Amino acid sequence: MIEHKPVKSIRRIPRPAAPPVAAETHVQNSAGAAINQRLSKLMSERGLCSRREADEWIANGWVRVDGVVTNTLGTRVPGTCRIDIDDTARQHQSERVTILLHKPMGYVSAQAEDGHTPAITLIRPESRWDEDGAPLQFKGVHLRGLAPAGRLDIDSTGLIVFTQDGRVARRLIGDDSLIEKEYLVRVEGNLSDQGMRLLNHGLSLDDSVLKPAKVSWQNEDQLRFVLREGKKRQIRRMCELVGLKVVGLKRIRIGSVVLGKLPVSQWRYLRRDEKF
């Protein structure tokens, strides 16, 4: 006779609940498929404002997506959506200033470093150019959030831009910026025809090939450089690669905006008719 042993009941242990997934805000396209693109990034890509400005406008309820007010930071939207900006934001943006300074040697472009003074300290009422025709009265608020849009080495002089406007900063220093910058560069040494060809195209810095430049003689000891990029100390390093030593460097143009007669250590406002 076969003895049957009692079957023990099996107690099932419930699996732990999955942690809650943070909800994301999506705006769906006509097919109902969500496209994960941040609204602030899309606004910046369309040139409406900077990412920082976009976050501010969204939080203030100044942005409508396909007619709906969107005030949640991190909202994701389709790349084809319609974005409308409230007039309040436009007014807020129009009050932001851009300042052109003729930086002298001995000043750094941004934060103070190694005991050197930042160029922004030169922007004060008494150093405003007498011939500045902009219909603006200097206010302390014009310094709030003012930042350099690009660098100019401590031992270089010329045009440097400070702006509160994120659109201007993006045009000048964004990853896709193609704005030309023009320099007059005094050099010592001998430049061969091959060296000149390399200055125009063929040199590499930081393990990457430089974009084509426009380099020509301005006079017997001065070169004219036109660049569409701005690696650290780029012109000086380019010249070293072809056997030249830079003894003087001055930036005279950014886009269509020229240094002109602006005196050293003085500044003026970007005029409404000027665009980079």
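Only the coordinates and a few stated rules stand behind these numbers; no lab work does. Predicted model only: the values in this text are computed from it and were never measured. Neighbour counts run over all protein chains shown; Cβ positions are idealised from the backbone, glycine included.
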Projected onto the charge dipole of the stretch 98-269 (unit charges on the beta-carbon of Lys, Arg, Asp and Glu, signs +1, +1, -1, -1), the Cα from Trp129, Ser109, Pro263 with the largest positive-side position is that of Trp129
Compute the relative contact order of the chain as a whole-number percentage, counting only Cα pairs closer than 8 Å that sit 6 or more residues apart in sequence. 19
Report the equivalent ellipsoid semi-axes for the stretch 98-269 in whole Å, largest first, defined as the square roots of five times the eigenvalues of the gyration tensor built from alpha carbon atoms. 30, 17, 15
Applying the Karplus parametrisation 6.51 cos²θ - 1.76 cosθ + 1.60 with θ = phi - 60° to the phi angles of the stretch 208-223, what ³J(HN,Hα) value in whole Hz is obtained for each residue in order, glycine and proline being reported as x? 9, 6, 6, 5, x, 10, 10, 10, 8, 7, 8, 7, 5, 10, 9, 9
Please state the equivalent ellipsoid semi-axes for the stretch 111-176: what are the square roots of 5 times the Cα gyration tensor eigenvalues, largest first, in whole Å? 20, 18, 12
Which of Thr80, Thr117 comes first, and how do the rest follow, when ranked by fewest Cβ neighbours within 10 Å? Thr80, Thr117
Give a quick list of trypsin sites (Lys or Arg not before Pro) in the stretch 110-163 that DSSP marks as loop, anything other than H, G, I, E or B, with at most 14 other Cβ atoms within 10 Å. Lys139, Arg144
Full extension from Asn200 to Glu180: what is 0.36 nm times the residue separation minus their Cα-Cα distance, to one decimal in nm? 5.8 nm
Ordered by residue, what ³J(HN,Hα) values in Hz, to whole numbers, does the stretch 74-81 give under the Karplus form 6.51 cos²θ - 1.76 cosθ + 1.60, where θ = phi - 60° and Gly and Pro are x? x, 4, 10, 9, x, x, 9, 5
Among the lysines, which have Cα under 21 Å from the Cα of Lys232 when same-chain residues fewer than 8 positions away are ignored? Lys103, Lys181, Lys211, Lys214, Lys245, Lys250
Qualifying GluC sites (Glu not before Pro) in the stretch 152-237, DSSP loop, other Cβ atoms within 10 Å at most 13: Glu220
Could you pull the Rg and Dmax for the stretch 39-94, using just the Cα atoms, both in Å? 9.8, 28
Dipole of the stretch 131-191, Cα-centred, from +1 at each Lys and Arg C-beta and -1 at each Asp and Glu C-beta, to the nearest 20 debye? 340
Positive dipole terminus of the stretch 98-269, leading residue within Leu205, Pro148, Gln222 (C-beta point charges): Pro148
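So, with +1 on the Cβ of K and R and -1 on the Cβ of D and E, and no other charges, what is the size of the charge dipole of the stretch 39-94 about its Cα centre, to the nearest 20 debye?
180
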Phi to ³J(HN,Hα) by Karplus 6.51 cos²θ - 1.76 cosθ + 1.60 over the stretch 113-125, Hz, x for Gly, Pro: 8, 6, x, 8, 8, x, 5, 4, 5, 7, 8, 8, x
Estimated 222 nm signal from helices in the chain, with DSSP H stretches of n ≥ 4 weighted -39500 (n - 2.57), rounded to 500: -4500 deg cm²/dmol
For Asp273 and Ile154, what is the calculated FRET efficiency with R₀ set at 35 Å and r taken between the beta-carbons, to the nearest 0.05? 0.60
log10 I(q)/I(0), Debye, Cα-only the stretch 185-276, no solvent, q = 0.15, 0.22 Å⁻¹? -0.65, -1.14
Positive-end residue of Leu100, Ala54, Ile173, charge dipole of the chain with Cβ unit charges: Ala54
Total charge of the residues flanking Arg151 in space, meaning their Cβ is under 13 Å from its Cβ, with Lys and Arg +1 and Asp and Glu -1, is +3
Dipole magnitude of the chain about its Cα centre, charges +1 at Lys/Arg Cβ and -1 at Asp/Glu Cβ only, in debye to the nearest 20? 840
